[in-house]
Amino acid sequence: MLHYCLKRLATAFLVALFVSILSFFLIRMSGDVAIALAGEGARLEDIEAVRTSHGLDRPLIVQYLDWLGRAATGDFGNSLYFKSPVMELIADKIGNTVILSLAALLFALALGIPLGVLSAVYQGGLIDRLALGIAVVGQALPNFFFALILVMFFAVSLRWVPVSGSETWLHFVLPSIVLGYYITPPFMRIVRAGMVDALEMDFVRTARAKGLSKAKVVLKHALANALVPVVALSGVQLGHLLGGSIVIETIFALDGLGYLAYQSITHKDFPVTQVILLLLAITYVLLTLIADLINAWIDPRIRVS
Amino acid sequence: MTSAFLSPSASSAGAFINKVLSHRGLTLGLILLGIIVFMAVFAPLLVPHDPYDQDLARRMLPPFWNPRANPAHLLGTDNLGRDYLSRMIYGARISLLIGFSVMVISGLVGTGLGLLAGYFGGRVDLFITFIVTTRLAIPVVLVALAVVAFIGNSLLIVILVLGLLKWDRIAVVMRAATQQVRSLDYVAAAEAAGASVPRIILREVLPNVFPQLVVVATVEAASAILLEAALSFLGLGVQPPLPSWGLMISEAKTMMFFAFWTIALPGSMLALLVFAINLVGDGLRDLIVPKGRG
Amino acid sequence: MPFRKVLVQTCAFALLASSMVAIAPANAGQKDDTIRFAYEQVPESVDPFFNNVRVGVIMGQLVWDTLIYRDPNTNEYKGQLAKEWKWADDTTLDLTLREGIKFHNGEEFDADDVVYTLNFVAKPDNKVVTQTNVHWIAGAEKLGKYQVRVKLKQPFPAAIEYLAGPVVIHPNEYYAKVGPQGMNQKPVGTGPYRVVEQVQGKSIKLVANPDYPKELHKSVPKIKNLEIRFLPDRQTQNAEIMAENLDFIMGVQADQALALKSVPHLQSVEGETMRIVFLNLNTREDSPFPAMRDIRVRKAIAHAMPKVQMVRQLLGEKARLINVVCFPSQFGCDDTGAPIYAYDPNKARDLLKEAGFGPNNKLEFDIVSYRERDQTEAMIGALRAVGITASLKFMQYAAIREQIRANKVAVSHQTWGSFSVNDASASTPNFFKFGADDMARDPEIRDILEKADTSVDPAARKEAYRKALTLIQERVLAVPLYSLTTQYVANKALRFNTYPDEIPRFWEMSWK
């Protein structure tokens, strides 16, 4: 187990390093940082002065190592647009994104698991078809379109929830539903498949033969089995949610990391964009790592293969 | 995963068509997709107006079910007086072009990596798996937005960016499929007969993993279409005045409370197209990929 | 659906547990005596010298004061932080300051504040964003505790207008200590509102300054609280004001204002603005778009614009057509000599043909734009009608400026509000005196404008502006289109007036 952990950690570290290289070069090659840094009203001489004083005339690889060195000490530079330290900005916003992602995941689990179970138990029945319908719609509906419709009905017409912002928990309801709905189908499918398999397994049959009630069998034995892969899927989906909330956060003006990313992208704020990208990548890697470790711990066979 | 891999070529073409037709979801998906493709291909013949022609005197006309409607514009006009029906029909072109091009680019990249990793295994596999893991760690929407915003938005850039980002799932599926085919007898036989590696991969492996490629690439096409719509919605996708459905929603959203159809029409078309592609993908999976995988 | 409800409640409960700042949901502002105002663009900084968006000018008037005050109804100059002022000579302005005024942080207002602020902003190294606002200041010196002398670099009669507009006064001790960055984080001025809370890029909360001096021309706000939210998305603004979470929005498109007016609790008022709209063409000698160097192409673009129809269909009733690059009411904005290029698509097509463009050799370029995207699209449609393929690049203003400076822009859909300064020196020179936004770089025009800006004799100034404006049009360096109107949409309970300088006087507003 320890060996497996170390190996996975090393991979995670390498991936993070590789992403940092990629994002650095990608962003640097798509725009002139000196012009952005010199700011409004800068003359050509000013721009060249900034280029030299910030060491932007050095080879990219040297600049990258320099950036990496300072990043290792926690110095990620300042935002070009807001002028404040990047980490300060991110620290301000990350909480909202975490809340949103967790709420969306919760919504997806709360909708996906029961529907998955029910559609496995009543295969081919009404609930099974309903669940399929929900999955199909969820995968086809553009999430920004869905968001607009929800805003129209629940925020403007019915006024149950606010339209935009992030001040209260009510502000998170619509965005979590939109984001959560989109990731519900995979949960539903994986639970359904697991349940179908489990219901055919020997010990479940034995249990039923022993006269245990159907509900008890389903909940106690089959579900426990079917839920194992859900853990791993949750980790992966949470990673996607953190990175995928940019459109939804923008629509709901929800003051999180995605909204900050959108703002910094439109303002050509290179340092912020770069750090958010790296942060999301690391989070994703760590979440999948944790999911894998939990899986390995539950199911020892994985460790061997 | 014990069942042997079956390729559709095992059955005759006629039998396969019968199988397709007996699969209701697949049939429905193919019909819907067919209609949209037809719309896109024959758009110039179908549209009542040039989708780019603006007439400021005829702005924001309502669609036919409204008493104020103008019979010359069945679905009304947009905020610049452009015919909405014509723009909707031309919109199919943009979405399909995006879906198809991204599918081809990501299909090439993903298949290439998957085949290499699956066939050679060992260090090659380790290296490619690492690349795939890295790619998975990069948030697609954010990178696509950033690249488009920093370099500039255009149809070509959107296609390239999405194509170069969306190959991960294809690579994963191709790798697994190749690993299975690799262990089969006829590959070993070909190797023993001294066939060259590229020949084995192209002649023996690729045809056998192709059905699975089609399935996963279909799903990717659908997701690329949704991504383009989202980028265009944020104003960082294709350039106006191209009639992209996502862009149309973006342009109409300020009036959505008063003219709901202006977002409902392109939104529904997007959903319908993605729905059709997903049905086709799911149907193909049911028919050609063994149960238990997917 | 009870199932859904349970789910929502479950989620909601989890959220409640994790969010510590749960407060009651927002509602119409009258209840808690708060005007909720939303604006589209996020200012880079709240310090009025370090942003160039309208909301920055608005903030300047809310939180700070100027030395001189221009009455928006009569356009008459009155004393504000300065009691009186006198020109000692063409380049020397002596001001007597008002006594007994305090900044929000308790710092006393006196000559030191004025001297420090003016010297600070006048120094090019301090990089004030809009140099036009401050470049005329050579420096300031203290003559007494309440006596200040402002030295000008050269004669600049419009100085009073600037001192009444964008040049606000900062507290010297505080500003020296915290600088523009600290001022942005915690703004301190003498104005009718104090900033109490700010979340960068998101919102600013202000509260009435109860000690605002009576002798100044603004007043203690009638409505105690003001909340500014930055909502880049128009659709979100509409939704919020329909749901009664906002009380006041501005810059709404005519169509939307009309539609919103039909909502029972909303009112909409059209106001004239000084903001002009024109196409800026890259005619620089090193222009990467050689076609733009051809005057026939530029004339074709000018003839292709259906100005009258655009005004009638896309703008409000109070919009004006303009023939030169300035707002008609500005001093010196005289279009009598300028040639007018009327809408004439056939002529445009002919000109393009002459220039060697046709169906087989289409003229193609991008238009950059940062607001009124529908108008840019209408322009693109009009260009298309004469055979020009233009594509839209919609960006933030800062990004556009960067691209213009890098000489990467062919055509820019420019809008300019002159910082509400009622003098042509605030508009035309910004685009033709080799500044960051200059896409023409015509030395002759630069020199004439220089003369216009610095002459003391009003007649000579006027004549120089006229000459420059005429030349710009003869050479078609820009295509002037129209002035914008702004639609204000507000909750019916709010009473307010509108002014052409687009500065909502929140301190005057009251509940009905």
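Would you check which residues across segment B:49-58 are open to solvent by 30 Å² or more (accessible area, probe 1.4 Å), of a type outside the set (S, T, N, Q) and outside any helix (DSSP H, G or I) and list them? Spell out the reasoning first.
Of segment B:49-58, the ones open to solvent by 30 Å² or more (accessible area, probe 1.4 Å) are B:49-50, B:52-55, B:57-58.
Now narrow it down to the ones that are of a type outside the set (S, T, N, Q): B:49-50, B:52-53, B:55, B:57-58.
Answer for segment B:49-58, where residues must be open to solvent by 30 Å² or more (accessible area, probe 1.4 Å), of a type outside the set (S, T, N, Q) and outside any helix (DSSP H, G or I): B:His49, B:Asp50, B:Tyr52, B:Asp53, B:Asp55.
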Qualifying positions in segment A:54-92 - without any contact (Cβ under 8 Å) to a residue 40 or more places away in the chain, in a loop (DSSP other than H, G, I, E, B) and more than 9 Å from every other protein chain (Cβ to nearest Cβ): A:His54, A:Gly55, A:Leu56, A:Asp57, A:Arg58, A:Pro59, A:Thr73, A:Gly74, A:Asp75
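Just to confirm my filter: which helices (runs of 4 or more DSSP H) fall fully inside segment B:155-196 and include at least 2 residues that are closer than 20 Å to B:Val109 by Cβ? Full working, then the answer.
Numbers: elements: B:155-165, B:168-182, B:185-192.
In segment B:155-196, the matching helices (runs of 4 or more DSSP H) lie at B:155-165, B:168-182.
Residue-wise test of (1) open to solvent by 10 Å² or more (accessible area, probe 1.4 Å); (2) more than 17 Å from the chain's Cα centre (by Cα).
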residue	(1), (2)
A:Gly112	no, yes
A:Leu126	yes, yes
A:Val161	yes, yes
A:Tyr181	yes, no
Test: B:Ser232 is crowded, with 24+ Cβ neighbours inside 10 Å, hydroxyl-bearing (Ser, Thr, Tyr), modelled with pLDDT of 90 or more and part of a helix (DSSP H, G or I): yes
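Let's see how each residue does on (1) buried (at least 18 other Cβ atoms within 10 Å of the Cβ); (2) away from chain B (no Cβ under 14 Å):
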{"residue": "C:Ala243", "(1), (2)": "yes, no"}
{"residue": "C:Val252", "(1), (2)": "yes, no"}
{"residue": "C:Val263", "(1), (2)": "yes, no"}
{"residue": "C:Asp286", "(1), (2)": "no, yes"}
{"residue": "C:Asp294", "(1), (2)": "yes, yes"}
{"residue": "C:His303", "(1), (2)": "yes, yes"}
{"residue": "C:Gln330", "(1), (2)": "yes, yes"}
{"residue": "C:Arg349", "(1), (2)": "yes, yes"}
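Quick one: in segment C:384-399, of everything that is part of a helix (DSSP H, G or I) and at the interface with chain B (Cβ under 10 Å from one of its Cβ atoms), which residue is surrounded by the most Cβ atoms within 10 Å (Cβ to Cβ)? Reasoning before the result, please.
Narrowing segment C:384-399 to residues part of a helix (DSSP H, G or I): C:384-385, C:397-399.
Now narrow it down to the ones that are at the interface with chain B (Cβ under 10 Å from one of its Cβ atoms): C:384-385, C:399.
On the way: C:Arg384: 17, C:Ala385: 17, C:Ala399: 20.
Applying the filter and picking the extreme gives C:Ala399.
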Flag for C:Leu93 being open to solvent by less than 40 Å² (accessible area, probe 1.4 Å) and assigned to a strand (DSSP E or B): yes
Residues of segment B:95-140 that turn out to be in contact with a Gly (Cβ under 6 Å, 6 or more places away or on another chain) and either more than 26 Å from A:Pro271 (Cα to Cα) or open to solvent by 20 Å² or more (accessible area, probe 1.4 Å) (or both), as a count: 3
Any hit, segment C:365-375, residues being more than 20 Å from the chain's Cα centre (by Cα), assigned by TED's automatic domain parsing to the domain that holds C:Ala338, surrounded by fewer than 21 Cβ atoms within 10 Å (Cβ to Cβ) and assigned to a loop (DSSP other than H, G, I, E, B): no
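If I filter segment B:132-150 for residues that are among the polar types (S, T, N, Q) and either within 30 Å of A:Asp32 (Cα to Cα) or facing chain A (nearest Cβ under 7 Å) (or both), do I get at least one hit?
We begin by selecting, within segment B:132-150, every residue among the polar types (S, T, N, Q); these are B:133-134.
Those left that are additionally either within 30 Å of A:Asp32 (Cα to Cα) or facing chain A (nearest Cβ under 7 Å) (or both): B:133-134.
Yes - at least one qualifying residue is present in segment B:132-150.
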Residue identified as in contact (Cβ under 8 Å) with a residue 24 or more places away in the chain and farther than 18 Å from A:Pro185 by Cα among A:Leu148, A:Leu111, A:Leu158: A:Leu148
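Is it true that B:Leu226 is under 17 Å from the mean Cα position of the chain (by Cα) and surrounded by fewer than 16 Cβ atoms within 10 Å (Cβ to Cβ)?
On the way: under 17 Å from the mean Cα position of the chain (by Cα): yes; surrounded by fewer than 16 Cβ atoms within 10 Å (Cβ to Cβ): no.
Here the answer is no, as B:Leu226 does not meet what is asked.
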Among (1) hydrophobic (A, V, I, L, M, F, W, C); (2) in contact (Cβ under 8 Å) with a residue 60 or more places away in the chain; (3) open to solvent by less than 10 Å² (accessible area, probe 1.4 Å), the one test that A:Ile265 misses: (2)
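Which one is nearest to A:Ala120 (Cα to Cα) among residues in segment A:216-229 that are open to solvent by 10 Å² or more (accessible area, probe 1.4 Å) and at pLDDT 75 or above?
Here is the first cut: in segment A:216-229, the residues open to solvent by 10 Å² or more (accessible area, probe 1.4 Å) are A:216, A:218-221, A:223-225, A:227-229.
From what is left, the residues that are at pLDDT 75 or above are A:223-225, A:227-229.
Details: A:Leu223: 11, A:Ala224: 14, A:Asn225: 13, A:Leu227: 13, A:Val228: 16, A:Pro229: 16 Å.
Only one residue fits best here, namely A:Leu223.
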Residues (more than 9 Å from chain B (Cβ to nearest Cβ) and of a type in the set (Gly, Ala, Ser)) located in segment A:227-244: A:Ala232, A:Ser234, A:Gly235
Hey, C:Arg70 more than 25 Å from the chain's Cα centre (by Cα), within 21 Å of C:Val456 (Cβ to Cβ) and not aromatic (Phe, Trp, Tyr) or not: no
Residue match in segment B:277-294 (condition: under 25 Å from B:Gly152 (Cβ atoms), open to solvent by less than 30 Å² (accessible area, probe 1.4 Å) and not in a loop (DSSP other than H, G, I, E, B)): no
Where a residue in segment A:164-180 is at the interface with chain C (Cβ under 7 Å from one of its Cβ atoms) and its partner, wherever it lies, is acidic (Asp, Glu) and assigned to a helix (DSSP H, G or I), with Cβ under 8 Å and at least six apart: A:Ser164/C:Glu240
Residue match in segment C:312-319 (condition: part of a loop (DSSP other than H, G, I, E, B), under 21 Å from C:Asp437 (Cα atoms) and at pLDDT 90 or above): no
Unmet criterion (only one of (1) out of contact with any strand residue (DSSP E or B) (no Cβ under 9 Å at 6 or more places or on another chain); (2) surrounded by fewer than 21 Cβ atoms within 10 Å (Cβ to Cβ)) for A:Asp75: (1)
Test: residue in segment C:491-507 that is in contact with a helix residue (DSSP H, G or I) (Cβ under 7 Å, 6 or more places away or on another chain), over 28 Å from C:Ser262 (Cα atoms) and buried (at least 22 other Cβ atoms within 10 Å of the Cβ): no
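Considering only segment B:1-48, give the helices (runs of 4 or more DSSP H) lying wholly within it that have at least 3 residues that are modelled with pLDDT of 90 or more.
Values: elements: B:13-22, B:24-41, B:43-46.
Answer list for segment B:1-48: B:24-41, B:43-46.
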So C:Glu141, is it among the acidic types (Asp, Glu) and open to solvent by less than 60 Å² (accessible area, probe 1.4 Å): no
From A:Leu254, A:Leu289, A:Leu260, A:Leu280, residue being within 16 Å of A:Phe18 (Cβ to Cβ) and either buried (at least 23 other Cβ atoms within 10 Å of the Cβ) or at the interface with chain B (Cβ under 10 Å from one of its Cβ atoms) (or both): A:Leu280
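Being farther than 26 Å from B:Leu273 by Cβ and either in contact with a strand residue (DSSP E or B) (Cβ under 9 Å, 6 or more places away or on another chain) or away from chain B (no Cβ under 14 Å) (or both) is the requirement here; does A:Gly95 meet it? Write out each step before concluding.
Numbers: farther than 26 Å from B:Leu273 by Cβ: yes; either in contact with a strand residue (DSSP E or B) (Cβ under 9 Å, 6 or more places away or on another chain) or away from chain B (no Cβ under 14 Å) (or both): yes.
When the stated conditions are applied, A:Gly95 passes them.
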A:Gly133, sole failed condition from (1) open to solvent by 40 Å² or more (accessible area, probe 1.4 Å); (2) without any contact (Cβ under 8 Å) to a residue 24 or more places away in the chain: (1)
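The values are calculated or read from the model by the stated rules, or taken from the named source; none is laboratory data. In this text, all values refer to a predicted model and were calculated from it rather than measured experimentally. Virtual Cβ from ideal backbone geometry, glycine too; neighbours counted across all protein chains shown. Ligands, DNA and RNA are excluded from the accessible area calculation, which covers all protein heavy atoms including side chains. Shrake-Rupley method; radii C 1.70, N 1.55, O 1.52, S 1.80 Å.
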